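Scroll down for the structure; my scribbles are underneath it.
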Amino acid sequence: MTELTSVWPPFALTLTTPRLALRPLRDDDIPQAVAAAASGIHEKDRNPFSTPWTAVSADELGPTMARWYWQCRATSTPESWTLTLGIWSDGTFLGCQDLAARDFAILRTVTTGSWLRKSAQGRGFGKEMRAAVALYAFDWLGAEACESEAAGWNAASLGVSKSLGYELNGITRVSWAGQPETVQRVRLTPETFRRPGWQLRVAGHEQTARFLLGLQ
């Protein structure tokens, strides 16, 4: 029987930190992601997402999330790709960490986005999972920059960025869900990265790199 990883190589990838396992979401994982999101991510009066996907009805949350995960797979090529990594701790699903790039072979730049269920917030998981993808991007994929952004009021996200060595990279004003929002951009390089005191363990990199980077 043909293994699924031979059809979709990124499914072979697993990043392991002292407390977390990060791997691309498979269809069987989507119900866990939906349940985690439904349990609550943020306060109702402030949405930290540029696309307010958490504002949909309970009936629409599952289809909305599934469409996003499927879209990320369907549109991923060496020229433009998004890895949607699920986050587990001791078998419990905590949230998602995305790692994406466009024209990576030329720009050597990745972007990140993430979310954690409320019960997992305030415990250092956000920093640990962001550090994991930064380590993977720099040390395994050969990235030269890792970029992110957050609403100016999102102290938690910007605090994680600051603690890892991200530098401020400009402010912009955009429309989020039809409302004006001031967004702080941040940028990390190997030189500014405040590396964690632990080693990232990586499995399935060769298959994933061939797919993402178009290697033969």
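The values are calculated or read from the model by the stated rules, or taken from the named source; none is laboratory data. Just so it is clear, the structure is predicted and the values come from calculations on it, not from any experiment. Note that each Cβ is placed from the backbone with ideal geometry, even for glycine, and that neighbours are counted across all protein chains shown. The area values use the complete protein model at the heavy-atom level, side chains included, leaving out ligands, DNA and RNA. Shrake-Rupley method; radii C 1.70, N 1.55, O 1.52, S 1.80 Å.
All alpha carbon pair distances within segment 19-131 were sorted into 5 Å bins beginning at 0; the resulting P(r) in whole percents reads 2, 11, 21, 24, 21, 13, 6, 2, 0. For the chain, the relative contact order is 24 percent, taking Cα pairs closer than 8 Å that sit 6 or more residues apart in sequence and dividing their mean separation by the residue count. Please report the antiparallel percentage of DSSP beta bridges with both residues in the chain, rounded to the nearest 5. Percentage antiparallel, nearest 5: 95.
For segment 118-216, the relative contact order comes to 28 percent (Cα pairs under 8 Å, sequence separation of at least 6).
Nonpolar atom fraction for the chain, defined as the carbon and sulfur part of the 1.4 Å probe accessible area, stands at 50 percent. Accessible area per residue for segment 87-175 is 45 Å², calculated with a 1.4 Å probe on protein heavy atoms, without ligands, DNA or RNA. When the Kirkwood hydrodynamic radius is evaluated over all pairs of different C-alpha atoms of the chain, what value in angstrom, to one decimal, is obtained? Every distinct Cα pair counted, the radius reaches 17.8 Å. Per-residue SASA remark: residue 211, around 50 Å² accessible (1.4 Å probe; ligands, DNA and RNA not included). Whole-Hz Karplus values for segment 101-107 come out as 7, 10, 6, 4, 4, 9, 8 Hz, taken residue by residue from phi with 6.51 cos²θ - 1.76 cosθ + 1.60 and θ = phi - 60°; glycine and proline positions read x.
Only Lys, Arg, Asp and Glu carry charge here, each on its Cβ (+1 for the first two, -1 for the last two); on that basis the chain has a dipole of about 480 debye about its Cα centre.
Each part reduced to its alpha carbon centroid, segment 173-216 and segment 1-38 end up 17 Å apart. Based on the reciprocal of the average 1/r between different C-alpha atoms, the Kirkwood radius for segment 77-152 equals 13.1 Å.
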